[in-house]
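A short worksheet on the structure shown next.
Coordinate-derived values only; no laboratory data. Everything quoted here is computed from the prediction, not taken from an experiment. So basically every Cβ, Gly included, is an ideal-geometry build from the backbone, and we count neighbours across all protein chains shown.
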Amino acid sequence: MSEDARPLLLRVPRTAICTVCDDRFLPGLETLLHSLRAEVPAFDRMPVRVFQSGDRTRLHDDRRARLHARHPNVAFVECAWRPAYDGALEAETHRSAYLALESFRQTDMERVIYMDCDMLCTGDLGELLFLDCDFAAVPCRKPSAGRFNSGLMVIGRRLLCHGVADEMIAKERDGAGYWADQPLINAYLERHSTLRVTALPEIYNFMYIAGHPDLDGDDAFAELRPFIRLIHWAGREQKRPKPWDLAAPLSEADQLWQAAHRAATAGLGGRA
């Protein structure tokens, strides 16, 4: 066999799924974990790390126990609250999003897949495990939001060190606006042009659906529906309610989420 004909030997990198959640977003996390288990064959063998910080961003103990009982691979990671997280922020309810930066401190991993917990997995994410890059995410549609949306991030080993997160929170910025962590991550990527950065297709972070303030209809979702891997209910609740707060679904995507939530909480006797 010639050298060029040798088979490619792949090894699955040590990968953690990371997210941030408090009591307000518990229905989202329950549903996301259920959908990941259903769609990602390796999910039960991957550590899931839910970032917490004292009383600022926390799930109560009974809710932690409830999640861990259904998903033993879930761990709740206590993180230090950094002074930089207390700066001016347009939406106070979004402040916990700063903890997404803790994803870059997972130094025992070779790869981190961070995702917001107001997401629903609708397809296999295995491709993300083998991306040849330092960072990957879906580009923002609005230039004012930065280059990439941080709701879904694939972080390679080169960026998994404490110094990366430290630099992100140490730099001056022109107002965090609504997005908190997102401008810090984008600014870091702009400063480090040698990083191998991959722009993922929108199917990995599809957030423009009926009921979102930036769209009037559901046509884009319907067209891409067979290919979408992650649906994201992005945006502040005052403009675009989370699917667990809707009395009636606004879109097919909301119907999908609510069906998944019923399956995720079956047998629990209602929300705790």
- prompt: Quick one: which of 78-88, 229-239 comes out on top by average Cβ neighbours within 10 Å, and what's the full order, highest first?
  reply: 229-239, 78-88
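What area, in nm² and to one decimal, does the C-alpha convex hull of the range 145-260 cast on average over all directions? Numbers along the way, then the final one.
Details: hull surface 35.3 nm².
The number I arrive at for the range 145-260 is 8.8 nm².
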message: Considering only C-alpha atoms, what is the centroid distance from the range 109-158 to the range 23-52, in Å?
response: 15
query: Roughly how many debye, to the nearest 20, is the charge dipole of the chain about its Cα centre, given +1 on each Lys and Arg Cβ, -1 on each Asp and Glu Cβ, and no other charges?
result: 540
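Arrange the peptides 19-31, 65-77 so that the one whose residues have, on average, the most other Cβ atoms within 10 Å appears first.
Details: 19-31: 21.8, 65-77: 14.9.
Highest mean packing first, the order is 19-31, 65-77.
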- prompt: Using only helices, what value at 222 nm comes out for the chain when you add -39,500 (n - 2.57) per DSSP H run of length 4 or more and divide by the total residues, to the nearest 500 deg cm²/dmol?
  reply: -7000 deg cm²/dmol
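Considering only the chain, what is the antiparallel percent among its DSSP beta bridges, to the nearest 5?
Working: 13 of 30 bridges.
Expressed as a percentage, antiparallel bridges in the chain total about 45.
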- prompt: What translational D, rounded to a whole number of µm²/s, comes out for the chain from Stokes-Einstein when the hydrodynamic radius is the Kirkwood one over Cα pairs, at 4 °C and 1.567 mPa s?
  reply: 67
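Please give the peptides 201-211, 94-104 ranked by average Cβ packing (other Cβ atoms within 10 Å per residue), highest first, as a rough proxy for protection. Please report the intermediate quantities before stating the final value.
On the way: 201-211: 20.5, 94-104: 23.7.
Output ranking for 201-211, 94-104: 94-104, 201-211.
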query: Under a 5 Å amide H to amide H cut-off, with H placed in plane at 1.01 Å, what residues pair with residue 77 once short-range neighbours are removed?
result: 50, 51, 52
message: Sequence gap at least 6, Cα distance under 8 Å: using those rules, report the relative contact order of the range 76-189 to the nearest whole percent.
response: 36
statement: Note, the range 253-259: 3J(HN,Hα) by Karplus (6.51, -1.76, 1.60, θ = phi - 60°), whole Hz, Gly/Pro = x, goes 4, 4, 4, 4, 5, 5, 5
- prompt: Taking amide H positions as placed 1.01 Å from N in the peptide plane, with prolines and chain starts having none, which residues 5 or more places from residue 246, or on another chain, fall under 5 Å of its amide H?
  reply: none
query: Near the amide H of residue 148, under 5 Å away, which other amide H atoms are found, from residues 5 or more places off or on another chain, if H is placed in the peptide plane?
result: 140
task: Could you work out how far apart the two model spin labels at residue 133 and residue 42 are, taking each label as a point 7 Å from the Cα in the direction of the beta carbon, and quote it in nm?
output: 1.8
message: Below 14 angstrom from the Cβ of residue 138, what's the summed charge of the other residues (Lys, Arg +1; Asp, Glu -1)?
response: +1
message: For the pair residue 80/residue 158, report the inter-label distance in nm, with labels modelled 7 Å from Cα in the Cβ direction.
response: 2.7
statement: HN-Hα couplings for the range 115-129 via Karplus (6.51, -1.76, 1.60; θ = phi - 60°), in whole Hz with x for Gly/Pro, come out as 8, 5, 8, 9, 10, 10, 8, 10, x, 5, 9, x, 4, 5, 6
field: the chain, relative contact order in percent, only Cα pairs under 8 angstrom and at least six apart counted
entry: 21
- prompt: Semi-axes of the range 191-259's equivalent ellipsoid from the Cα gyration tensor, sqrt of 5 times each eigenvalue, largest first, rounded to whole Å?
  reply: 26, 15, 11
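Apply the Kirkwood formula to the range 82-202: the hydrodynamic radius equals the inverse of the mean of 1/r over all pairs of different alpha-carbon atoms; give it in Å with one decimal. Please report the intermediate quantities before stating the final value.
On the way: mean 1/r = 0.0676 Å⁻¹.
One decimal place: 14.8 Å for the Kirkwood radius.
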